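Peer 1: Please see the structure below; I have some questions.
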2 protein chains.
Amino acid sequence: MAEVVRGKQEIRERVAAARAAGKRVGLVPTMGALHAGHRRLIEQSVAENDFTVLSVFVNPTQFGPAEDFDHYPRQLEADVAVAAEAGADVVFAPAPEEMYTGDHSTWVDEETMSEGLCGARRPGHFRGVATVCAKLFNIAQPDRAYFGRKDYQQVKIIERMVRDLDMSVEIRSVETVRGSDGLAVSSRNSYLDPDKRRASLAIWRALKQAAALILGGERSPRIVTDAVRSEIVRDGRLRVDYIEVVDAETLEPIVPLEGRIVIAVAVYCNHTRLIDNITVECPKPE
Amino acid sequence: MAEVVRGKQEIRERVAAARAAGKRVGLVPTMGALHAGHRRLIEQSVAENDFTVLSVFVNPTQFGPAEDFDHYPRQLEADVAVAAEAGADVVFAPAPEEMYTGDHSTWVDEETMSEGLCGARRPGHFRGVATVCAKLFNIAQPDRAYFGRKDYQQVKIIERMVRDLDMSVEIRSVETVRGSDGLAVSSRNSYLDPDKRRASLAIWRALKQAAALILGGERSPRIVTDAVRSEIVRDGRLRVDYIEVVDAETLEPIVPLEGRIVIAVAVYCNHTRLIDNITVECPKPE
């Protein structure tokens, strides 16, 4: 059974003891509601380190006022069981007051890679993400931290933060886990009934088709995004928030498409916002 | 002789070796042009730790476009001699390119305590300060870092940053060192000829008089700042940038004056901007 720790000081001590014993420390930062994607992160951390901290914290500062903070699924007991099964050593599950004082006033702002994609639609979201990750890195002082590539922009922003602020943690990004039907696993999938889930399969189908287009030689981002859009809106139950094709490293638009690119989408199915992405290496022109 | 290290990786290794040998590490972050104030910081670090890193870096991101970045005094050789004399173990003097990539995009923003005083007059200044301190803390990973109280707002912002981002460094603030004439020592004092230096003595004289006023029972911030202003502008060679009386912890205006307060001023003597402050414990009303 992985032990649950509520206090920053206590988790610091646990990690310090592990480190004093010569152990390498992995951190898997999550908002709980653990699924197979988180499980893969934990397993990879366990494989690459000697001591794995799972953090479970629904971070209020990364939710917009109209977003689902209040309704975000919380299920610590189940999460602790998953953590233990996957091999985590300790679960850090702080209360909001443990993480933020009433007069909290310091923020980490990444200002280039946060501009487009989800950053443009969720003002303040990545400020909240970067700030809480900086805090968690400072509290747990891991050698490595694990993030899923479903949140592609998040991974790139965290990597950039670590580079720019000279943090001594290695960011490991882990491939998106999908259901056998192809849908990227997400805590928000629990909002989908079977019918909506079926509708949502168009997202991954569209991304795969778009990747095939590019591998077939297409270089126009407009043609690629139009193809993704028409596949996604086809049956009428999904609404596009954005579809963008960007450079996989800088997250900047690139015309014509060249090098390693990412097609990233956010889609609403009723009130549920789903994101997904696919990375494609554009074939070199002959 | 204190050794000069130019690279982040090398200073990390030097500190890691010291730590592995059980040494406590102190960091004194400076922009060089070392004076008696810095010397006191180094000496205190040497007294309280086993290994002292002095950083010398004229941080471009904390200067405004119209400020004196290009002309800021640079004298590494002399600084290294002072560092050695005061007992520092190593001088970290990175080139600007070692600290900032061309596409640097992550900033640390303290948004409450940075609003008034120097923050209001030097937009972006404390963002630059907080960001470079976060970087230096992450690079040198000190147990303690030392700052002079002449830059009172800076100290409070760094303390807040450390608290809010859960950094594991203890901030030690050290009393302002003054010349025998009372002028707070500052690298920018080198811009003053003897006549301007004489004029500048009004700053500390005004602050002491204001403190006496408060200790005598005055509770009106307006009366206190008016008194400081009239003393400072009296002979016509100083121009006031700001005079503020604020709570010593929150840096917020406080009317009537109560508890521990700070009178902080910034003054121009020709093109040279000088700052100083005095802390006063308001006597309890009878």
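The values are calculated or read from the model by the stated rules, or taken from the named source; none is laboratory data. A quick note: this is a predicted structure, and the numbers were derived from the prediction, not measured. Ideal geometry is used to build each Cβ from the backbone, glycine not excepted, and the neighbour counts take in all protein chains shown. Quick note on the areas: whole protein, heavy atoms, side chains included, nothing else; ligands and nucleic acids left out. Shrake-Rupley method; radii C 1.70, N 1.55, O 1.52, S 1.80 Å.
Peer 1: Could you work out how far apart the two model spin labels at B:Arg237 and A:Lys196 are, taking each label as a point 7 Å from the Cα in the direction of the beta carbon, and quote it in nm?
Peer 2: Between B:Arg237 and A:Lys196, the label points sit 7.4 nm apart.
Peer 1: How large is the accessible surface of A:Glu175 in square angstrom, using a 1.4 angstrom probe and rounding to the nearest 10?
Peer 2: 120 Å²
Peer 1: If you take the accessible area of B alone, add that of A alone, and subtract the area of the pair, what total do you get in Å², probe 1.4 Å, to the nearest 100?
Peer 2: 2400 Å²
Peer 1: Still on this structure: Once a ≥ b ≥ c are taken as the square roots of the eigenvalues of the Cα gyration tensor of the range B:139-254, is the result rounded (a/c under 1.5), prolate (a/b larger than b/c) or oblate (a/b not larger than b/c)?
Peer 2: Details: a/c = 2.61, a/b = 1.44, b/c = 1.81.
Note, shape of the range B:139-254 comes out oblate.
Peer 1: Using the Cα gyration tensor of the range B:80-151, with a ≥ b ≥ c the square roots of its eigenvalues, what is the shape: rounded (a/c below 1.5), prolate (a/b larger than b/c) or oblate (neither)? Don't jump to the answer; show the numbers that get you there.
Peer 2: Values: a/c = 2.14, a/b = 1.39, b/c = 1.54.
Oblate.
Peer 1: Another one. So what is the relative contact order of chain A, in percent, for Cα pairs below 8 Å that sit 6 or more residues apart?
Peer 2: It comes to 17 percent, rounded to a whole number.
Peer 1: May I ask you to compute the full-extension gain from A:Ser230 to A:Leu76, defined as 0.36 nm times their residue separation minus their alpha-carbon distance, rounded to one decimal in nm?
Peer 2: 51.5 nm
Peer 1: Taking chain B as a Gaussian network, Cα atoms linked when under 10 Å apart, which of B:Thr30, B:Thr131, B:Thr101 shows the biggest mean-square fluctuation?
Peer 2: In this elastic network of chain B, the residue with the biggest mean-square fluctuation among B:Thr30, B:Thr131, B:Thr101 is B:Thr101.
Peer 1: How far is helix B:221-233 tilted off the main Cα axis of chain B, in degrees rounded to 10, range 0 to 90?
Peer 2: Roughly 80 degrees, rounded to the nearest 10.
Peer 1: While we're on this one: What is the distance in Å between the Cα centres of the range A:216-273 and the range B:99-136?
Peer 2: 35 Å
Peer 1: Describe numerically, in nm with one decimal, the distance between label points set 7 Å from Cα along Cα→Cβ at A:Arg121 and at A:Glu13.
Peer 2: Going by the 7 Å Cα→Cβ label model, 4.5 nm.
Peer 1: Given +1 on the Cβ of Lys and Arg, -1 on the Cβ of Asp and Glu, and no further charges, what dipole in debye does the range B:149-276 carry about its Cα centre, rounded to the nearest 20?
Peer 2: Taking the Cα centre of the range B:149-276 as origin, the dipole is about 500 debye.
Peer 1: List the lysines whose Cα lies under 21 Å from the Cα of B:Lys150, skipping any in the same chain that are fewer than 8 positions away.
Peer 2: B:Lys196, B:Lys208
Peer 1: So if R0 is 45 Å, what FRET efficiency would B:Ala47 and A:Val4 give, r being the distance between their Cβ atoms, rounded to the nearest 0.05?
Peer 2: Details: r = 41 Å, r/R0 = 0.92.
Given R0 = 45 Å and the Cβ-Cβ separation, E is 0.60.
Peer 1: Let's see if you can work this out: charge +1 on each Lys and Arg Cβ, -1 on each Asp and Glu Cβ, no other charges. What is the dipole magnitude of chain B about its Cα centre, in debye to the nearest 20?
Peer 2: That gives chain B a dipole magnitude of about 520 debye.
Peer 1: Tell me, which residues of the range B:162-195 get at least 40 Å² less accessible area when the other protein chains come in, versus the chain alone (1.4 Å probe)?
Peer 2: B:Arg163, B:Asp164, B:Leu165, B:Asp166, B:Ser168
Peer 1: Accessible area per residue, 1.4 Å probe, Å², for the range B:126-222: what's the number?
Peer 2: 36 Å²
Peer 1: Using a Förster distance of 30 Å, how high is the FRET efficiency between B:Asn270 and B:Thr101, based on the Cβ-Cβ distance and rounded to 0.05?
Peer 2: 0.25
Peer 1: Taking all protein chains in place and a 1.4 Å probe, what share, in percent, of the accessible surface of the range A:71-163 do carbon and sulfur account for?
Peer 2: Carbon with sulfur: 47 percent of the solvent-accessible area.
Peer 1: Any idea of B:Arg260's accessible area? Nearest 10 Å², probe 1.4 Å.
Peer 2: 100 Å²
Peer 1: Which residues belonging to the range A:81-126 lose at least 10 Å² of 1.4 Å-probe accessible area when the assembly is complete, relative to their chain isolated?
Peer 2: A:Thr101, A:Asp103, A:His104, A:Ser105, A:Thr106, A:Trp107, A:Val108, A:Asp109, A:Glu110, A:Glu111, A:Thr112
Peer 1: Given Cβ point charges of +1 (Lys, Arg) and -1 (Asp, Glu) and nothing else, what value in debye, to the nearest 20, does the dipole of the protein assembly as shown about its Cα centre take?
Peer 2: Here the protein assembly as shown has a charge dipole of around 160 debye.
Peer 1: What order do A:Lys284, A:Lys208 take when sorted by accessible area (1.4 Å probe), most exposed first?
Peer 2: Descending accessible area places them as A:Lys284, A:Lys208.
Peer 1: Give a residue-ordered list of calculated ³J(HN,Hα) values for the range A:158-174 (Karplus: 6.51 cos²θ - 1.76 cosθ + 1.60, θ = phi - 60°; whole Hz; x for Gly, Pro).
Peer 2: Running phi through 6.51 cos²θ - 1.76 cosθ + 1.60 with θ = phi - 60° gives 5, 4, 5, 4, 4, 5, 5, 9, 6, 6, 9, 10, 8, 8, 10, 9, 10 Hz.
Peer 1: What does the copy distance list look like for A:Glu170, label position 7 Å along Cα→Cβ, in nm and ordered from shortest?
Peer 2: Result, one decimal in nm: 3.3.
Peer 1: Compute the Cα gyration tensor for chain A, then decide on rounded, prolate or oblate, letting a ≥ b ≥ c be the square roots of its eigenvalues: rounded whenever a/c is under 1.5, prolate when a/b is larger than b/c in the other cases, and oblate in all that remain.
Peer 2: It comes out prolate by the Cα gyration axes.
Peer 1: Hey, another quick one. A:Gly116: net charge of surrounding residues, Cβ under 13 Å, Lys/Arg +1, Asp/Glu -1, itself excluded?
Peer 2: In short, -4.
Peer 1: Using the Karplus curve 6.51 cos²θ - 1.76 cosθ + 1.60 with θ = phi - 60°, what ³J(HN,Hα) values do you get for each residue of the range A:9-15, in whole Hz, with x for Gly and Pro?
Peer 2: For the range A:9-15, the Karplus curve yields 5, 5, 5, 4, 5, 4, 5 Hz.
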